[in-house]
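We did not get these values from a lab; they are worked out from the coordinates using the rules stated. Since the structure is predicted, the reported quantities are computational estimates derived from the model, not experimental observations. Cβ atoms come from the backbone with ideal geometry, glycine included; neighbour counts cover every protein chain shown.
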């Protein structure tokens, strides 16, 4: 039976998903722990990738190679780029871009990847279902934005970098894994989506803010994931 693949970068994100799973079983492959189980009676497999694009890409390919994956979801925290976003707000990524990928010397735009393009589109059906699932959550104290998510192998801290990425890519938020997961999924013809909860705003001191609010972001992502899977079950 096909499973939903769920990839989390950080341990606190991983723990929050484990908390909503039942019938848990661990499978270790090449020293990586993959946890199989059910969320709302839907078969899932989750893994903690670690931070960064290479780690995320590795886990994505392993998940695709060793499990029958229906689609892949990447959840977690992110830094706000859009100035209207606040801590706890949700971004559903309809497009993913690697803001630090640069072959402009060969006449391409920043972020352009040969054979892939500049931005990779998330699955439209998954976007729709996530938008519907968010409506079912009672909390109304945060915004939901659908837009571009930018990824890069750097924890964005300065307002200058934040403004540069926002201006160049019109991205809602920035993180370190989503676009790599998108690229590997795209190359394997596996549907995917990236959903992020805002934990900080790059301002020179946001590492402290991230530590304070990453758990909140993780809990919010777990809650949304549970509602999303309910949405899937109800539509079947």
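Worth a mention:
- Highest mobility in the GNM of the chain, judged by mean-square fluctuation with C-alpha springs under 10 Å and restricted to 93, 147, 117, is found for 117.
- Highest mean packing comes first when the peptides 217-227, 104-114 are listed by Cβ atoms within 10 Å, giving 217-227, 104-114.
- Highest to lowest packing among 66-76, 22-32, scored as the average C-beta count within 10 Å: 66-76, 22-32
- Centre separation in Å (Cα based) which lies between segment 148-198 and segment 34-113: 8
- Each helix, a run of at least 4 DSSP H residues, gives -39500 (n - 2.57); summed and divided by the residues of the chain, these come to -11500 deg cm²/dmol at 222 nm.
- GNM flexibility winner over the chain from 161, 176, 63 (Cα, springs under 10 Å): 161
- Most simply put, segment 3-235 has about 40% antiparallel DSSP beta bridges, counting only bridges with both residues inside it.
- Label-reachable residues, segment 71-113, where backbone N falls under 17 Å from a point 7 Å from residue 188's Cα toward its Cβ: 71-75
- DSSP-defined beta bridges in segment 79-157 - what % are antiparallel, rounded to 5: 25
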